[in-house]
Amino acid sequence: MALFVSALIIGVSLGTIYGLMAFGMVASYRISKVVNLGQAGIAAFGASVYWWMSSQWGAPLVVSLFGGVLVGGVLGAILGYANLKLANRAKGLVMIFTLTVTLLLFAWVDLIIPAYNITPPSPFGQGGFNFQLTFITYAQIGTFATCIAVVLVTTWVMRMTRFGMFVRAIYDDPDGASTVGIPLGVYVVGVWAVAGGMAGLAGILATSRVQLDSILLLFVMVWGLAGAILGGLESFALAFVGGVSLGVAEGILGGMLGGDLGPGLENLSAILIMAVGVLYAGTKRRHLAHLQT
Amino acid sequence: MWSRYARFSVLTAGFALAVAACGGGSASLSSTGTSGGGYGSSGGSALAPQAPSSQQNPGSSVSGGSQSQSAPAANNAAPAPAAPGNAAPNGAKPAAGLPVPPPGTVPAPPLPGQPHPAPPASGANFASDVGVTANSITFGAINLASATRSLGPVVSEPTQKITEAALTYINNRGGINGRKLQLLTCDDGGDVTRARACYEKLKTQVFAFLPAETFLTDVIHPALAQDHVPFMSWGWFQSEYTDPYMFPCHANGIREASALAKWVAENKHPKTVGIMYLNVSEDIAAKDTATKTLSQYGIKVVQNISMEWDSPDESQHVLSMRVANPDAIFTFTWAAPLAKFFRDAGGQNWSPPLGYWSNHVTTDPGFGPVWGDYIRDHDAGITSFLIPEPWQEPVSPGNLLWEQVTKQYSGYDVAGLHFKYAMGHHISQAAFVCAIALPQMIGPLGANVTRTAFMQQLEAHQYDTGMGVVLKWPHGDHGQYPYSFNKEYIYQWITSPDGGWEEKHLYPDPLYQ
Amino acid sequence: MIRTDDAAATGRTEGVAASPPVTDGAATAAALASPTGALSAVLRRMRVQTRLVLPALVIAGGTLSFFLLPGHLLYAGSTALVAGIIGLALFLPIAALREMPLNAAGLAGLGAYLYANVASSGGVGNVLLGGLVAMAAVTGLSVVGGLASLVVTGLYFVVASLVLQIGIEKVIFSIPGVTGGAAGEAVPQPVLSGWFDTQRAIFLVVAGFALVVAVVVWAARRSRFGYHSVLVGHVPEGASAVGVRNWLVKLMVFALSGVLIGVAGCLFSFINGTPPGTQSFILIISVLYVAIPIASGLRDLSSVWIVAAAFTTIPIVLEPLRLSPSFLAGMILLVALIVGDRREWVVEQVRRLRNRGASDDPIEVIAEFHAAPVPVAAAVNGGATPTVASGPSIEVVGRRDTSAGTVAVAASAPAIAGTSALEGREITVDFGGVRAVDAVSVRVAPGQRLGIVGANGAGKTTLFNALTGFVPLHHGRVHLGDRDISGWSSFLRARAGIRRTFQIPRLADMLSVEQNLLVGHGHGHGDAVERRERVSTLLDRFGLSALRGVPVAALPFGVRREVELVRALTRTPKVLMLDEPVSGLEDEEAEKLLEVLLDLQGKEGWGLLVIEHDLRFITQVAERLMVMEDGRLLVEGPINDVMRQEQVRRVYLGELVTAQ
């Protein structure tokens, strides 16, 4: 039991990283129906700004965190504006455009980060405590709490505020929303800016665990995307649940079975679970059908 | 309007990046020779390092008159490192007994159908083969300098810089028989396709390839057989040892695993072990080899962990190992996931009682901060060459030279890292020892430097690196027992007197059998 | 906006009222006086069509590469061709099925290793066997991956395809027996020296394969299979309605894609002399492979080759700059996207150059055909009140002529045989506890015309869907003649002769009117000539001939509705089911449609089942009328009797009838 609980905790911790990366994608999808692969690039860039401010300039962690999120928000806004200009293009093509942005930001990050295996300090500090067979760090708790906070806040905003109602209206029918006076451009750029800020936050919190390596962040984003799709790509809460599900699958399989599965099988087992989830969720939510390539 | 501006901005930024990257990297063609002065001209000073010892084949001599006086090969009296309780490295004896392969058993000349130019009657230098002129010999190196942070700048750049420094050192001592050495590099970005294009580009320009990090070395064998190009390699892949055209300058991970497992079994006596390995064919094979060796000692492998180079987290594997609770853990994996494992295990304040025993990935002086505090007193790694440890024992002559050449021609800082003793890591050592030994390898050929003769020379002789390794590539099987890295070295990470990271040489040195 | 090259590619010249080229001698002389003028004259004289410019450039580039490039760039060229083959392999699932498989790299790697394992034994036999084994395995796995598209689609399919990639990458590639172990396997290559050296020979071989692949994909796109796959990907219900086996078409697309990726895998081993390491076949490479066709714009095959060439050769050419691979990939993608987006500008320049000094020719007319924003309805209605088109606008190109072809239809179309009646017995359909249709029985015999009316939500369309197999029955049976077809899927019912239209037309927007109609004819019935004759006759009969080459996306709603109706008739039905056929049509259009419809029905003898709110239309078309309310059948009988019932008049027809 202790083993299972420990593996579960590890899996949840891992899943929060995926969930973090998924939030921004859900936000931009909710307004534009675009799968925003620019999140990984913005995450890497936000994290590098955070690292630069905290480790090179000696700025307080909170200030650095704000800086990273702010830069992420600005990048998100720029990307949102570009997306607005590309509104009449196929969504698949816009998705590839966002991938382009990620690749270029990766190149930029590679230029400004002077060494490898950098692990930026967690804004939640060092240390932690033993629990069962594992060690829970304050960073893990802080990251998890952040995810919960994001879920609660975004759910409240989307359901209870006029802003959220407008966002949902734009999602359902942008032209219709325009005709009733909703400022489409402001909302699209605004939500993408929020998505960028979430990506920056995700980058900062994730790299304190997975290291500041751009390609690694790309893989984290892919898993985050998978989790978000599992959750339907429309709900922050379900995206988080989707990401955590993947993390838990990986954590339990890796922690409890380890190498007994053989090379790669641990990974495959987790992804098979994902496959079952996708097949199930995909048949239930067919409205996420077309990429409109 | 904005979109045009945005595109222009992006393109401008791209151009700026291109310029920055261009300025940051080295030019493709590195002219490493100087016309005088420099380190070579002060070779007689007290700072002048000892050149690596050369076990020359009797009868072979460095032609070129005065040129040979300044070539490293002339300084062949430097002793091999003498570790306490350990005699000179195996194979340090003269290679007179080694059979020279009969003509016809070595690879055919390059570019079939194109006869080599006849040597001039005067015996003067001439364009004797591809990449060779009367005044120069051009070498090639394919690396992954532009790959992501964890590969290119940190791993490849030091290797390229120390190779260039070594050639400059040679050139400043007159080159090889009057010919200056040049290096043409080609960046593959970590992509095998680009690497192959690099090879196709360089094969008609260079005489031979020098060691550098590229994944090409596992898949280029058929091309080498067609083109008859000598390729001194970084030794990452086992297949490099079976290619008659390839001359590895570093131990292969599979043999490392065998030697390390044997050493731990005999000296640490664990009853149970766990193994962590990267999910690639080389490291899977290393795991299997270690398992087989350990079983001969009755040691049980209680946990195998397959790692992925792109894993975001290793906590689950720490848990898995904790539950298996082995006496010791072997690691045959990649730096990124292992660093994460160490960090998570450190966070949990857990380690196996007999510690971690790693392949060469962890044993690079100067990389301590990258691994973090946990590695100290917990991990020991096996590596091909002696590393400088002046506080502990006399620095080997090869390492002394490595450090001096670094200081003279390059500096310790690369890619934001400050290397503690010399520039780089185990592969940069491999590149350095094979580059610095070129005068011994080519000098005896005189004016008629050909690829075939070069390969014959390499197979017929052995070369003491001064770092505890005598390079040899026996004809027919370059990994033939006992091969160059039959003996390796184990270093334990410890806390240095100043509170930093240091490595301590563990004895006895492991032997591959 | 319609692309000009698309216009040419889809054969829009047919049926267009085009003026023959008129050559003005003075203008030509003036044009020839300048270099561009001379070039344009040459282009014109050679009758170079705009759509051929890109393919010609690609072929010329490949040919020049063969003769001029040094070894390492020839190698890069070979790699580009292999990447292009993978790009083409992904073109069909992405462009036609609108599914984005993220497993091309894994599949290609598997092909490379399997081929090498067998071919390394040497000999022509083993090389061929290796190729077959690799292609069979990759095709099989591609089809297995494609199975997911039968269950999920869109983003879910992307993730499902990810599973296959990770499975191959993390598990299969871990097996030394597959990858050949650490050393890999050497495969036979030509060993040549001199000018025609190994790299040149390899390039030639790969180019040969690339040419074959290009022709295969080109032909596939223009085949009925290609049209079907577009229809399946864009409007699956529409595909089923015309008798297309959606699942089969999907799997065939993935099979074809797998074959091509298998070829690419073999070529990877061939050009390298051994398969590249597994790091060449990881997920991020799959993502970049997907980016190749998407960045090329998904419009023509030539662009795929160009983007693939950029991806593979630019990093090699720019190698001395030591640029970050991420930067290079990002910039190449960005440029491809920008150029792809502005591609029509390039084509337009070529077209203008070609037409300098000459007056309108058919191509020019077609270009203008797309350019001017004149409402379509005005064009097709012969000057009737313009209707605002929902899609791109097109210019007047011809007038509908509904008088043509009347006899031809009667002559060419066989009268319906048999006495098969469509009969639904006690049809009941539930949606999550809500009973949409409740025990409704309906019967349409050959030659009969039955109308269905009812308020919105009465269950009319659901009844249609139940009869045609688009929703499952909770209770009841459906018979066609003596056969119980309750368990038949929708495409089988369509093939059996139950043809239908939808409230919102389900047409393949990427295809032209004529291509949609050819698709509608379905599989295996009649020869090609007969099919084309039938389609041509129907186009004439409904006055759509002038639009036969126009992409459906460019048509206004009303015309799309007519095209869909015609599509349902491309194979003579037993029962034709029309769901609000005149919604969105002007009165005059509706009357003409009614006239043609009744004429055809009378001659061909099929049954007709119509849902319509337009009472004037329904009273003219139907002999019998069903009235539905809340999923139940309220009344059914001869139309005049039903219309006379007070309850019906009051509740459902109300003031409309009173007004009339």
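The values are calculated or read from the model by the stated rules, or taken from the named source; none is laboratory data. All values derive from a computational prediction rather than experimental measurement. Please note: Cβ atoms are built from the backbone with ideal geometry, for glycine as well, and neighbour counts cover all protein chains shown. Just the protein is used for accessible areas: all its heavy atoms, side chains included, with ligands, DNA and RNA removed. Shrake-Rupley method; radii C 1.70, N 1.55, O 1.52, S 1.80 Å.
Quick notes
- Test result for C:VAL529, at pLDDT below 80 and either open to solvent by less than 10 Å² (accessible area, probe 1.4 Å) or not in a helix (DSSP H, G or I) (or both): no
- Scanning segment C:559-614 for residues that are of a type in the set (Val, Ile, Thr), part of a helix (DSSP H, G or I) and more than 26 Å from the chain's Cα centre (by Cα) yields one hit, C:VAL596.
- Members of segment B:232-243 that are away from every other protein chain (no Cβ under 13 Å) and in a loop (DSSP other than H, G, I, E, B): B:TRP234
- Selection from segment B:387-441 of residues that are out of contact with any Asp or Glu (no Cβ under 9 Å at 6 or more places or on another chain), surrounded by 22 or more Cβ atoms within 10 Å (Cβ to Cβ) and at pLDDT below 85: B:LEU417
- Some residue of segment C:433-453 being among the hydroxyl-bearing types (Ser, Thr, Tyr), open to solvent by 30 Å² or more (accessible area, probe 1.4 Å) and in contact (Cβ under 8 Å) with a residue 12 or more places away in the chain: yes
- Scanning segment C:476-516 for residues that are in a helix (DSSP H, G or I) and of a type in the set (Phe, Trp, Tyr) yields one hit, C:PHE491.
- Test for A:ALA44: is it of a type in the set (Gly, Ala, Ser), part of a helix (DSSP H, G or I), farther than 24 Å from A:ILE118 by Cβ and open to solvent by less than 10 Å² (accessible area, probe 1.4 Å): no
- B:VAL229 being within 14 Å of chain C (Cβ to nearest Cβ), assigned to a loop (DSSP other than H, G, I, E, B) and under 23 Å from C:PHE268 (Cα atoms): yes
- Residue count for segment A:208-225, restricted to those that are part of a helix (DSSP H, G or I), within 8 Å of chain B (Cβ to nearest Cβ) and not charged (D, E, K, R): 7
- Number of residues in segment C:583-593 that are touching a residue at least 24 places away in the same chain (Cβ under 8 Å) and surrounded by fewer than 17 Cβ atoms within 10 Å (Cβ to Cβ): the value is 2.
- Restricting C:THR79, C:THR139, C:THR153 to residues that are in contact with a helix residue (DSSP H, G or I) (Cβ under 9 Å, 6 or more places away or on another chain), within 30 Å of C:ALA219 (Cβ to Cβ), away from every other protein chain (no Cβ under 14 Å) and among the polar types (S, T, N, Q) narrows the list to C:THR139.
- When B:ASP464 is tested against (1) open to solvent by 10 Å² or more (accessible area, probe 1.4 Å); (2) more than 14 Å from the chain's Cα centre (by Cα), exactly one condition is not met: (1).
- Here the helices (runs of 4 or more DSSP H) wholly within segment B:312-391 that include at least 1 residues being hydroxyl-bearing (Ser, Thr, Tyr) and within 8 Å of chain A (Cβ to nearest Cβ) are B:315-324.
- Set B:SER306, B:SER281, B:SER311, B:SER295: member being touching a Pro at 6+ places or on another chain (Cβ under 9 Å) and without any contact (Cβ under 8 Å) to a residue 12 or more places away in the chain: B:SER281
- Matching residues, segment C:210-250, being surrounded by 19 or more Cβ atoms within 10 Å (Cβ to Cβ) and either touching a His at 6+ places or on another chain (Cβ under 6 Å) or farther than 26 Å from C:SER512 by Cβ (or both): C:ALA210, C:VAL244, C:VAL249
- Residue, nearest to the other protein chains (Cβ to nearest Cβ), within segment B:132-147, restricted to residues that are open to solvent by 30 Å² or more (accessible area, probe 1.4 Å) and not hydrophobic (A, V, I, L, M, F, W, C): B:THR133
- Of residues in segment B:201-218 being over 19 Å from B:THR450 (Cβ atoms), within 14 Å of chain C (Cβ to nearest Cβ) and open to solvent by less than 10 Å² (accessible area, probe 1.4 Å), the one farthest from the chain's Cα centre (by Cα): B:LEU216
- Residue in segment C:173-183 that is touching a Ser or Thr at 6+ places or on another chain (Cβ under 7 Å), in a helix (DSSP H, G or I), open to solvent by less than 20 Å² (accessible area, probe 1.4 Å) and in the same structural domain as C:ILE282 (by TED's automatic domain parsing) present: yes
- Test: residue in segment B:103-124 that is open to solvent by 30 Å² or more (accessible area, probe 1.4 Å), more than 21 Å from C:PRO320 (Cα to Cα), at pLDDT 80 or above and touching a Pro at 6+ places or on another chain (Cβ under 7 Å): no
- Residue, farthest from the chain's Cα centre (by Cα), within segment B:274-290, restricted to residues that are within 9 Å of another protein chain (Cβ to nearest Cβ) and of a type in the set (Val, Ile, Thr): B:ILE275
- Qualifying positions in segment A:71-119 - away from chain B (no Cβ under 12 Å) and among the basic types (Lys, Arg): A:LYS91
- Applying a threshold of 7 Å to beta carbon distances and a minimum spacing of six or more residues, or different chains, the list of pairs starting in segment A:242-253 at a residue that is within 15 Å of A:PHE23 (Cβ to Cβ) and ending at one that is of a type in the set (Ser, Thr, Tyr) and not in a helix (DSSP H, G or I) is empty.
- Of C:SER257, C:SER280, C:SER269, all but one fail to be within 14 Å of another protein chain (Cβ to nearest Cβ), polar (S, T, N, Q), part of a helix (DSSP H, G or I) and crowded, with 22+ Cβ neighbours inside 10 Å; the exception is C:SER269.
- Residue check for A:PHE4: hydrophobic (A, V, I, L, M, F, W, C) and out of contact with any Leu (no Cβ under 8 Å at 6 or more places or on another chain): yes
- Residues satisfying the stated conditions in segment C:455-465, i.e. open to solvent by 10 Å² or more (accessible area, probe 1.4 Å) and either closer than 14 Å to C:ARG500 by Cα or assigned to a strand (DSSP E or B) (or both): C:LYS460, C:THR461, C:THR462, C:ASN465
- Here C:ARG632 passes the criteria (1) farther than 22 Å from C:VAL242 by Cα; (2) surrounded by 20 or more Cβ atoms within 10 Å (Cβ to Cβ); (3) not hydrophobic (A, V, I, L, M, F, W, C) except the one numbered (2).
- Leading residue by the ranking (farthest from the chain's Cα centre (by Cα)) among those in segment C:284-301 that are more than 10 Å from chain A (Cβ to nearest Cβ) and open to solvent by 10 Å² or more (accessible area, probe 1.4 Å): C:ILE285
- Residue within segment A:122-135 that is away from chain B (no Cβ under 14 Å) and farther than 19 Å from A:GLY247 by Cα present: yes
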